[in-house]
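Colleague: I have a structure here, written as structure tokens, and I will follow up with some questions on it.
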Amino acid sequence: MEKVTAIGGIFFKVRNPERMSAWYRDQLGICTEDGHADFVWREHDKPDAVGRTVWSVFPADTDYFGSSQPSFMINYRVSNLERMLAQLRRNGVAVEKIEDYEYGRFAWITDPEGNRIELWEPKNT
């Protein structure tokens with residue numbers, strides 16, 4: 001059976017792509033070019049192979065999504081949750097809650113258009 005091996009991309013509709021790109025850049029350090037950002041990584045079993053995960057905002061009226069009305073939450077991996085949360089708080093972003101699990105720490109925030117975001121610091125990063 002074929003399996004999903006990673007997140008290949010995150011795509012979501014927003015009312016104001018420029019404003020949202022700026023918010024994600026200023027608050028979470030996601031810098032976009034032509035509306036998208038690439039997260040580059042290497043395959044565990046093929047360390048010479050470079051992979052990427054794409055992050056992209058689309059205008060709310062795009063037909064790229066077909067007729068779907070997606071509802072989702074994105075999980076972003078971070079290397080230091082406390083520093084990220086301090087940065088967000090300094091910028092006026094409310095942290096909804098923080099939880100610890102055996103596999104890492106999590107916190108939840110919401111972007112200006114009401115999309116909930118989960119931040120994750122894995123154990124032993």
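The values are calculated or read from the model by the stated rules, or taken from the named source; none is laboratory data. Predicted model only: the values in this text are computed from it and were never measured. FYI the Cβ positions are ideal-geometry reconstructions off the backbone, even for glycines, and counts take in every protein chain you see. The accessibility values were calculated without ligands, DNA or RNA, using every heavy atom of the protein model including side chains. Shrake-Rupley method; radii C 1.70, N 1.55, O 1.52, S 1.80 Å.
Colleague: Looking at the range 10-36 only, could you name the residues that are open to solvent by less than 50 Å² (accessible area, probe 1.4 Å), part of a loop (DSSP other than H, G, I, E, B) and over 24 Å from Arg90 (Cα atoms)?
Modeller: Gly35, the sole residue that qualifies.
Colleague: If you don't mind, another one. Restricting attention to the range 37-86, which residues are surrounded by 12 or more Cβ atoms within 10 Å (Cβ to Cβ), of a type in the set (Gly, Ala, Ser) and more than 18 Å from Asp26 (Cβ to Cβ)?
Modeller: Passing the criteria: Gly51, Ala60.
Colleague: Exactly one of these conditions fails for Glu113: (1) closer than 18 Å to Ala22 by Cβ; (2) open to solvent by 50 Å² or more (accessible area, probe 1.4 Å). Give me its number.
Modeller: For Glu113, the failing item is (2).
Colleague: Six or more apart or on different chains, Cβ under 7 Å: which pairs go from a residue in the range 38-56 that's touching a residue at least 60 places away in the same chain (Cβ under 8 Å) to one that's exposed (fewer than 12 other Cβ atoms within 10 Å of the Cβ) and assigned to a strand (DSSP E or B)? Could you list them?
Modeller: Qualifying pairs under 7 Å: none.
Colleague: Now, a different point. Restricted to the range 87-104, and to residues that are open to solvent by less than 60 Å² (accessible area, probe 1.4 Å) and in a strand (DSSP E or B), which residue is modelled with the lowest pLDDT?
Modeller: Gly104
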